[in-house]
Amino acid sequence: MVNVMDLPEEEFIYPGTRACAGCGMALIYRIALKALGAKTLITVPASCLTVLHGMQGFCSTKISVYHTPFATTGASASGILASLEDKGLEDEITVLAFAGDGGTTDIGIQALSGAAERETNFIYACYDNEAYMNTGVQRSGSTPLGVKTTTTPEGKLVHKKNMPKILEAHGIPYVATGIASYPLDLYEKFKKARDIHGSKYFHILSPCPPGWGYEPKDTILIGRLAVQTGFWILYEVENGILKLSRASSRYLDPSKRKPIEDYLMAQKRFSQMTQQEIEVYKTYINDMWADINRRIQNQD
Amino acid sequence: MTDSKKDYQKILGSVQKPVIGEAGKTGTWSSKKPIIDLSKCTPVKSGKPSCFNCWLYCPEAVVSRTIPPQIDLEHCKGCGICMEECPVKAITMEEVKSE
Ligand SMILES: Cc1ncc(C[n+]2csc(CCOP(=O)(O)OP(=O)(O)O)c2C)c(N)n1
Ligand code: SF4
Ligand code: SF4
Ligand code: SF4
Ligand SMILES: [Mg+2]
């Protein structure tokens, strides 16, 4: 288990970026880059992360970033890798794609699927703030049931896509979930993924104060509640074998989970939810865990 | 034709300079700033590297992993995450006038 002192002191993002105060994405990105180090090339589609990098002339990261059109993240990663192979640098430099949930679960899904099918040797990380935040909170395929957005004014009617499972179906060697609230867990997983050959996929829940409707100081707390209520499950799947991560393993026991209301009611985006919808959530969470449990039982 | 091709290449191959404060002095975004009570801070009290939650959880990378931890208030956005995550409640958010 890594300790806070195991993380490199060096920062790859300079202070004073354009991200909002308390942004979960900024923390996730900061930790991921610490794990991967300077020898990384990044490709980023249109998103809040584009904005974090800044405007023409100056930027906020020490690592080179390629700003790619919205739908092309996976394809651009394959292209960058082909160029590195041509130069004989593919073993020296890690290719990292970092995209939002809109850019991953909706508009970039085919390019990502193609890159995974080509077994492109790269890491794809989706930071999931559960809506199109950069353009003012529109629903995405990753927005959860009941969430109010500008395009779902009465709350979204259907559940979010299970993107890690979709990527798993591609037979890639590594899939992991993460969340801004457990930076050491994130760090460990990125370090591990860096040394695995093939396509690696991360799906990281990214609390967003303005989009979710809570105070910036509560970003870590909200994310912890997502884990403690069982809504967000931390795990990794290595060559098809699923392993619950430390922070989530105790919630396999339903009696250990906090009531889902604790998570939902702390955020304005869920404020119009009916009791009936909250009941739907309880079933949803139980089903998700039952699925995980079945897998764990059948593995050994 | 050749000229416009060169122009495109210039844009596509343009190099941005990494700087602190790409968005300016983001410390001006909030008047509340984290102040550490060093008499409560764990690594200061023990003299040994430990805790550093304020460093770990800060999304802005404005806290140093040193004894005592130091905060770049010119760029700290005043989110208050460090205050929430300090296990011994050594950090309070206070009104600080920016120069
Ligand atoms: C082809 C195309 N369509 C639409 C846009 C406008 N656009 C820019 S960022 C963005 C939202 C991205 O959402 P997501 O991927 O979830 O990232 P987030 O902003 O939430 O970080 C949209 C719709 C664009 N830049 N390009
Ligand atoms: S809108 Fe949300 S994800 Fe985007 S910069 Fe602000 S806090 Fe971060
Ligand atoms: S208030 Fe926020 S930005 Fe400022 S030091 Fe604390 S965590 Fe970092
Ligand atoms: S979180 Fe609190 S106790 Fe820990 S190093 Fe920072 S100020 Fe000190
Ligand atoms: Mg998003």
Which of the numbered conditions does A:GLU9 fail, given that it passes all the others? Conditions: (1) within 16 Å of ligand 1 (Cβ to nearest atom); (2) within 13 Å of another protein chain (Cβ to nearest Cβ). (1)
Taking the range A:194-222 and keeping residues away from chain B (no Cβ under 14 Å), touching a Pro at 6+ places or on another chain (Cβ under 9 Å) and within 30 Å of A:ALA21 (Cβ to Cβ) leaves A:TYR201, A:PHE202, A:HIS203
Where in the range A:151-263 are there strands (runs of 3 or more DSSP E), lying wholly inside it, with at least 2 residues that are open to solvent by 60 Å² or more (accessible area, probe 1.4 Å) and over 18 Å from A:GLU119 (Cα atoms)? A:241-244
Do we find a residue being within 10 Å of chain A (Cβ to nearest Cβ), in contact with a Ser or Thr (Cβ under 7 Å, 6 or more places away or on another chain), modelled with pLDDT of 95 or more and not in a loop (DSSP other than H, G, I, E, B) anywhere in the range B:9-31? yes
Looking at the range A:280-297 only, could you name the residues that are under 21 Å from A:THR149 (Cα atoms) and open to solvent by 60 Å² or more (accessible area, probe 1.4 Å)? A:VAL280
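Inside the range B:38-99, counting only helices (runs of 4 or more DSSP H) that do not spill past its ends, which hold 1 or more residues that are touching a Lys or Arg at 6+ places or on another chain (Cβ under 6 Å)?
B:53-57, B:81-85
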Can you name every residue in the range A:61-81 that is within 13 Å of another protein chain (Cβ to nearest Cβ), outside any strand (DSSP E or B) and either surrounded by 19 or more Cβ atoms within 10 Å (Cβ to Cβ) or touching an Asp or Glu at 6+ places or on another chain (Cβ under 9 Å) (or both)? A:LYS62, A:THR68, A:SER76
For the range B:19-47, which residues satisfy the criterion of being more than 19 Å from A:LEU184 (Cβ to Cβ), open to solvent by 30 Å² or more (accessible area, probe 1.4 Å) and within 13 Å of ligand 4 (Cβ to nearest atom)? B:ILE35, B:ILE36, B:ASP37, B:LEU38, B:SER39, B:LYS40, B:VAL44, B:LYS45, B:SER46, B:GLY47
Taking the stated definitions as given, is A:PHE231 at pLDDT 95 or above, over 26 Å from A:VAL51 (Cα atoms), within 17 Å of the chain's Cα centre (by Cα) and not acidic (Asp, Glu)? yes
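For the range B:35-52, does any single residue satisfy the condition of being at the interface with chain A (Cβ under 7 Å from one of its Cβ atoms), modelled with pLDDT of 95 or more and within 17 Å of the chain's Cα centre (by Cα)?
Restricting attention to the range B:35-52, the residues satisfying the condition of being at the interface with chain A (Cβ under 7 Å from one of its Cβ atoms) are B:49, B:52.
Right, trim to modelled with pLDDT of 95 or more and you get B:49, B:52.
Among the residues that remain, those that are also within 17 Å of the chain's Cα centre (by Cα) are: B:52.
Scanning the range B:35-52 turns up at least one residue that is at the interface with chain A (Cβ under 7 Å from one of its Cβ atoms), modelled with pLDDT of 95 or more and within 17 Å of the chain's Cα centre (by Cα).
How many of the residues in the range A:286-300 are farther than 20 Å from A:GLU236 by Cβ and not charged (D, E, K, R)? Full working, then the answer.
If we filter the range A:286-300 for residues that are farther than 20 Å from A:GLU236 by Cβ, which is where we start, we get A:286-287.
Then drop every residue that is not not charged (D, E, K, R), which leaves A:286.
Total meeting the criteria: 1.
Which ones in the range A:82-106 are in a helix (DSSP H, G or I), of a type outside the set (S, T, N, Q) and within 25 Å of A:MET25 (Cα to Cα)? Quick ask: steps written out before the conclusion?
Our first condition is that a residue be in a helix (DSSP H, G or I); within the range A:82-106, this holds for A:82-86, A:101-106.
Then keep just the ones that are of a type outside the set (S, T, N, Q); that gives A:82, A:84-86, A:101-103, A:106.
Once the filter is applied, which keeps residues that are in a helix (DSSP H, G or I), of a type outside the set (S, T, N, Q) and within 25 Å of A:MET25 (Cα to Cα), the range A:82-106 yields A:ASP101, A:GLY102, A:GLY103, A:ASP106.
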Which one of these does A:PRO69 not meet: (1) out of contact with any Leu (no Cβ under 7 Å at 6 or more places or on another chain); (2) away from ligand 5 (no atom under 16 Å from the Cβ); (3) closer than 23 Å to A:TYR174 by Cβ? (3)
Candidates A:ASN129, A:ASN162, filtered to the one that is within 14 Å of chain B (Cβ to nearest Cβ) and away from ligand 4 (no atom under 16 Å from the Cβ): A:ASN129
Log entry, pairs with first residue in the range B:59-80 being more than 7 Å from every other protein chain (Cβ to nearest Cβ), second being outside any loop (DSSP other than H, G, I, E, B) and more than 15 Å from ligand 4 (Cβ to nearest atom), beta carbons closer than 7 Å, six or more apart or on different chains, reads B:LEU73/B:GLY27; B:GLU74/B:GLY27; B:CYS76/B:GLY27
Checked against (1) buried (at least 23 other Cβ atoms within 10 Å of the Cβ); (2) free of Cβ contacts under 8 Å to residues at least 40 places away in the same chain, A:THR43 satisfies every condition except (2)
Quick one: in the range B:40-58, of everything that is touching a residue at least 24 places away in the same chain (Cβ under 8 Å) and hydroxyl-bearing (Ser, Thr, Tyr), which residue is farthest from A:ILE222 (Cα to Cα)? B:THR42
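The values are calculated or read from the model by the stated rules, or taken from the named source; none is laboratory data. Keep in mind that this is a model prediction, so the values were computed, not measured. For neighbour counting, all protein chains shown are included, and Cβ atoms are generated from backbone atoms with ideal geometry for every residue, glycine included. Only protein heavy atoms, including side chains, enter the accessible area calculation; ligands, DNA and RNA are left aside. Shrake-Rupley method; radii C 1.70, N 1.55, O 1.52, S 1.80 Å.
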